[in-house]
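Peer 1: Quick one: this structure, given as structure tokens, is what I'll be asking you about.
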Amino acid sequence: MIIKSLEIYGYGQFVQRKIDFNQTFTEIFGENEAGKSTIQAFIHSILFGFPTKKSKEPRLEPRLGNQYGGKLTLILDDDMEIEVERIKGSAQGDVKVYLPNGTVRDEAWLQKKLNYISKKTYQGIFSFDVLGLQDIHRNLHEKQLQDYLLQAGALGSTEFTSMRNLINRKKDELYKKSGKNPVINQQIDQLKQLESQIREEEAKLETYHRLVDDRDKATRRLENLKQNLNQLSKMHEEKQKEVALHDHAQEWKALEQNLNVEPIHFPEKGIDRYEKARAHKQSLERDIGLREERLQQLLDEKHKLKPAKQSDIDAMTSLNQQQSDIKNKEFELTSVEKDIANKQREKEELQSHIGWSETHHSVDSSEAMKSHVSEQINQKQEQQAYIKQLERSLEDNKIETNAINSELDAIEEHIVPDETFEKKKEYSQQVIELNEKENLYEKLKERFEIEQQQKQQRQKLLRTTFIILTIVGIGLTAFSFITQNMLFGIIFAILTIIFIIGIIMSKAKEVDYSEAITDEIAELKEQLAQLDQNYDLNFDLDEQYRHRDHWQQAIKNKDILDEKRQYIEGKLNAATTRHHSLDENIANVKEELYLSPKMSNELIIDSISTMANIKALDQHIKDLNVTRQQLATELTEFYEHAERVTQTLFVYFNKLSLFHDINQWLKNAEDTKTKWQSNEDNTKLISNELAHLKEQLNANNKEIDELFNFINVSNEEEFYQHHEDYQSYTSDLNRFNQLTKYLENQNYSYELSSSLSDKTT
């Protein structure tokens, strides 16, 4: 697996940072606090999850609230390129794996691709920092490092050898050929005991078969008893059924004997038809008597009525039809005279409102003039509102400036000096480095001790070898000098000296591999203590970041407010000049319209409308005078004509009550004519009704005779008696049919029913 690139959304000091790696070899270097360890921690977090609050590792969340997390672009062993994204969510973050085809996988799929390697193993094998590389160089030689990487790369763990021993030990615990305590040996003994129990149970099989035969015999005997019981139950049910149906059978037989007569017939709904016809007959006889009496009254009234002439009615009707027009003209004349007085008074009031003593017809009161004046007034009002708005803006600007100055003073009280701030940053980074080195020290401490013991054993073996070789060399050197073999003596003497030097060299001082890390940790602690002593670092670094950002923003806001104040002051001067110009224009308009300079600007538009109304009222008053003269002439002509028409019909003529008298005369004439015509119509109607009622009476009598003849009776009493006999016969017949159907449903034929009715209980 190769890491192609990484993209940081927000992690530690990095925000929206993307780094592309070389696929052959990548080296990340930089000054202190450049972010090398942060990038390494970011890779660990994306692959294995963000550090939890319980772990000693820092989470490195961004200070400014950016999104926490990022993504890695990986090239797997099968050359498939994937993206692993992890963002803030659960304790270790929410991870998504994006495949080239667009599929999204979860964390389980990622762990499978990583061969289920843990974060601790990954950091111990594939992820080295500077301190880790130095410690490996000090404590492992090439062969040990190759074995370590081979086991971890092939199996994902260095515990293969211990695992093999563990498996052998577990195997011995499970089974031994001659053992008794192992689990499998104990289970074999239990299996033998089960075989013995099975043989004992097989001996009981014969007894079981004998008991099964006895059970079958008892079952067959029980079945025979059940069949006999069923037959007796059926016989008992039949007897109970006969007892239950005996009363019905006797009733059925008695009804059969009663119905053995000639069937009785009666007209359908005969009683209702007869009673309805009888009531109708009585009603018709009463109506005929009333109609004959009413006809005689109408004939008497007809001789008393004397209707008026049609020519007189037409003349009076013509005059009456003009009532509405004449009344309207009289009302219109009165209204016109009233309007003339009102309009004259209204004109004088309007002139007094605008300060005119006479009408100035030369004044421009058009809509164009109103629009011009309205525009000037609106512009002035807008300028006034604009000036007030600018003044309020200046006041608001002053308040905001004071607030920002107070805010700056408050922020500066909480901001520490820059030197202390930088020392706090250095202090925080050294705390993180101290935690990392302490974690590394704990990881490598045990291995250092094992390697130290192995080195001591090798040095002891080497020293022993050199001592033996030195003794042998001394012996051979002495032997060579004794035998006067100088060449070999010199050679052996040189070798002996070399062996002695080897003995001395093998006594080299033992190196404590953890001493370097311990010294570095102590040095860091000393630096931290010195910083804590020399500077007041008892403050929150993130809070200082926020205070400084807040201070910068407040400075920017103050500069913006200063620029805004200058802009508003310029606009205010221009608006004031424009307002004075509009005041002069409005004063000129008042002079042209003959208006008082004291009149408010808001009333100028209404004054122009008033001027137009004054002109219109003058013309309207002239038109009303013409209309009044015309109406007076028409009314005089009408009353002269009405007096000529009514002089033969009325005793005296009165203009005020003319139409009332005409209406009264027409009403009397119309009432007399209406009564005469109504009498004529009612006479014809009653005559026709009387003839129709007599025809209905004859038809009703005929229907009653048909009902009596259907059953061959002559009076009402015999008719009702026959109806009672018919009802009794019908009731018995219906009951007989019900019982017959009921017995048939109980599977009783005519013969069985008759036989059952003859039995006695």
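The values are calculated or read from the model by the stated rules, or taken from the named source; none is laboratory data. Just so we're clear, the structure is a prediction, and the values are computed from it rather than from any experiment. Cβ atoms come from the backbone with ideal geometry, glycine included; neighbour counts cover every protein chain shown.
Peer 1: Residues L440, L434, L350: which one is touching a Lys or Arg at 6+ places or on another chain (Cβ under 8 Å) and either on the phi < 0 side of the Ramachandran plot or not charged (D, E, K, R) (or both)?
Peer 2: L434
Peer 1: Moving on. Under 8 Å between Cβ atoms, which residue pairs at least 6 apart in sequence (or on different chains) link something in region 315-342 that is closer than 20 Å to I621 by Cα with a partner that is in a helix (DSSP H, G or I) and among the polar types (S, T, N, Q)?
Peer 2: Close Cβ pairs (under 8 Å, with a partner that is in a helix (DSSP H, G or I) and among the polar types (S, T, N, Q)) amount to E332/T627; V336/T627; I340/N625.
Peer 1: Specify the residue that is surrounded by the most Cβ atoms within 10 Å (Cβ to Cβ); the eligible residues are those in region 619-643 that are closer than 27 Å to D312 by Cα and hydrophobic (A, V, I, L, M, F, W, C).
Peer 2: Result: A642.
Peer 1: Filter region 644-657 for residues that are without any contact (Cβ under 8 Å) to a residue 24 or more places away in the chain and either surrounded by 14 or more Cβ atoms within 10 Å (Cβ to Cβ) or in a loop (DSSP other than H, G, I, E, B) (or both) and give the result.
Peer 2: Those that are without any contact (Cβ under 8 Å) to a residue 24 or more places away in the chain and either surrounded by 14 or more Cβ atoms within 10 Å (Cβ to Cβ) or in a loop (DSSP other than H, G, I, E, B) (or both): Q647, T648, F650, V651, Y652, F653, N654, K655, L656, S657.
Peer 1: Residues that are farther than 23 Å from D583 by Cβ, under 47 Å from the mean Cα position of the chain (by Cα) and not in a helix (DSSP H, G or I): does region 397-412 have at least one?
Peer 2: no
Peer 1: Out of the residues in region 302-360 that are among the hydroxyl-bearing types (S, T, Y) and in a helix (DSSP H, G or I), which is surrounded by the fewest Cβ atoms within 10 Å (Cβ to Cβ)?
Peer 2: S311
Peer 1: Then there's this: Given (1) modelled with pLDDT under 85; (2) of a type in the set (A, V, I, L, M); (3) within 30 Å of L690 (Cβ to Cβ), where does L333 come up short, assuming only one miss?
Peer 2: Result: L333 fails condition (3) only.
Peer 1: Here is a follow-up. Is there any pair linking a residue in region 546-563 that is loosely packed, with under 15 Cβ neighbours inside 10 Å and at pLDDT 85 or above to one that is basic (K, R) and not in a helix (DSSP H, G or I), with Cβ under 7 Å and at least six apart or on different chains, and which?
Peer 2: none
Peer 1: Against the condition modelled with pLDDT under 80 and not in a helix (DSSP H, G or I), how does I271 come out, does it pass?
Peer 2: no
Peer 1: Can you name the condition, by its number, that N185 falls short on among (1) in a helix (DSSP H, G or I); (2) loosely packed, with under 10 Cβ neighbours inside 10 Å; (3) of a type in the set (S, T, N, Q)?
Peer 2: Against the list (1) in a helix (DSSP H, G or I); (2) loosely packed, with under 10 Cβ neighbours inside 10 Å; (3) of a type in the set (S, T, N, Q), N185 comes up short only on (2).
Peer 1: In region 645-674, how many residues are within 16 Å of I326 (Cβ to Cβ) and either charged (D, E, K, R) or under 60 Å from the mean Cα position of the chain (by Cα) (or both)?
Peer 2: Of the residues in that region, 2 qualify.
Peer 1: So in region 1-44, with the set limited to residues that are polar (S, T, N, Q) and under 23 Å from L114 (Cα atoms), which one is farthest from the chain's Cα centre (by Cα)?
Peer 2: Within region 1-44, the match that is farthest from the chain's Cα centre (by Cα) is T24.
Peer 1: I'm checking my understanding of the structure. Among residues of region 79-96 that are free of Cβ contacts under 8 Å to residues at least 24 places away in the same chain and over 27 Å from P62 (Cα atoms), which one is surrounded by the most Cβ atoms within 10 Å (Cβ to Cβ)?
Peer 2: M80
Peer 1: Of these, L462, L476, which one is surrounded by fewer than 16 Cβ atoms within 10 Å (Cβ to Cβ) and either assigned by TED's automatic domain parsing to the domain that holds T518 or over 26 Å from A34 (Cβ atoms) (or both)?
Peer 2: Result of the check over L462, L476: L462.
Peer 1: For region 658-673, which positions are of a type in the set (D, E, K, R) and either over 17 Å from D312 (Cα atoms) or surrounded by 13 or more Cβ atoms within 10 Å (Cβ to Cβ) (or both)?
Peer 2: Within region 658-673, D661, E670, K673 qualify.
Peer 1: How many residues does region 658-705 hold that are hydroxyl-bearing (S, T, Y), touching a residue at least 12 places away in the same chain (Cβ under 8 Å) and closer than 30 Å to T646 by Cα?
Peer 2: 1
Peer 1: Do we find a residue being of a type outside the set (D, E, K, R), over 17 Å from G10 (Cα atoms) and not assigned by TED's automatic domain parsing to the domain that holds N439 anywhere in region 86-98?
Peer 2: yes
Peer 1: Got a number for residues in region 97-146 being exposed (fewer than 14 other Cβ atoms within 10 Å of the Cβ) and at pLDDT 80 or above?
Peer 2: Here the count works out to 13.
Peer 1: Report whether or not K53 is closer than 25 Å to E543 by Cβ, more than 34 Å from the chain's Cα centre (by Cα) and not hydrophobic (A, V, I, L, M, F, W, C).
Peer 2: Against the criterion (closer than 25 Å to E543 by Cβ, more than 34 Å from the chain's Cα centre (by Cα) and not hydrophobic (A, V, I, L, M, F, W, C)), K53 qualifies.
Peer 1: Now for a separate question. Would you check which residues across region 698-733 are of a type in the set (D, E) and under 19 Å from S283 (Cβ atoms) and list them?
Peer 2: Hits for region 698-733 are E703, D705, E716.
Peer 1: Restricting the search to region 231-259, which residues are touching a residue at least 24 places away in the same chain (Cβ under 8 Å), assigned to a helix (DSSP H, G or I) and not acidic (D, E)?
Peer 2: Of everything in region 231-259, those that are touching a residue at least 24 places away in the same chain (Cβ under 8 Å), assigned to a helix (DSSP H, G or I) and not acidic (D, E) turn out to be K241, V243, L245, H246, H248, A249, Q250, W252, K253, L255, N258.
Peer 1: Let me ask something else about it. Out of V95, V84, I need the residue that is under 13 Å from S45 (Cβ atoms) and out of contact with any Asp or Glu (no Cβ under 9 Å at 6 or more places or on another chain). Which one?
Peer 2: V84
Peer 1: Whether any residue in region 463-471 is at pLDDT 75 or above, among the basic types (K, R) and either on the phi < 0 side of the Ramachandran plot or outside any helix (DSSP H, G or I) (or both) is what I want to check.
Peer 2: Taking every residue of region 463-471 in turn, at least one turns out to be at pLDDT 75 or above, among the basic types (K, R) and either on the phi < 0 side of the Ramachandran plot or outside any helix (DSSP H, G or I) (or both).
Peer 1: Then there's this: Name every residue in region 568-598 that is within 30 Å of R392 (Cα to Cα) and either touching a strand residue (DSSP E or B) at 6+ places or on another chain (Cβ under 9 Å) or in contact (Cβ under 8 Å) with a residue 40 or more places away in the chain (or both), in order of residue number.
Peer 2: Hits for region 568-598 are I568, E569, K571, L572, A575, T576, R578, H579, L582, D583, N585, I586.
Peer 1: Looking for something among the acidic types (D, E), assigned by TED's automatic domain parsing to the domain that holds I560 and farther than 30 Å from N585 by Cα - is there at least one such residue anywhere in region 381-397?
Peer 2: Yes, there is a match, as at least one residue in region 381-397 is among the acidic types (D, E), assigned by TED's automatic domain parsing to the domain that holds I560 and farther than 30 Å from N585 by Cα.
Peer 1: What residue, of L74, L60, L47, is in the same structural domain as L6 (by TED's automatic domain parsing), more than 30 Å from L434 (Cα to Cα), crowded, with 18+ Cβ neighbours inside 10 Å and more than 35 Å from the chain's Cα centre (by Cα)?
Peer 2: L74
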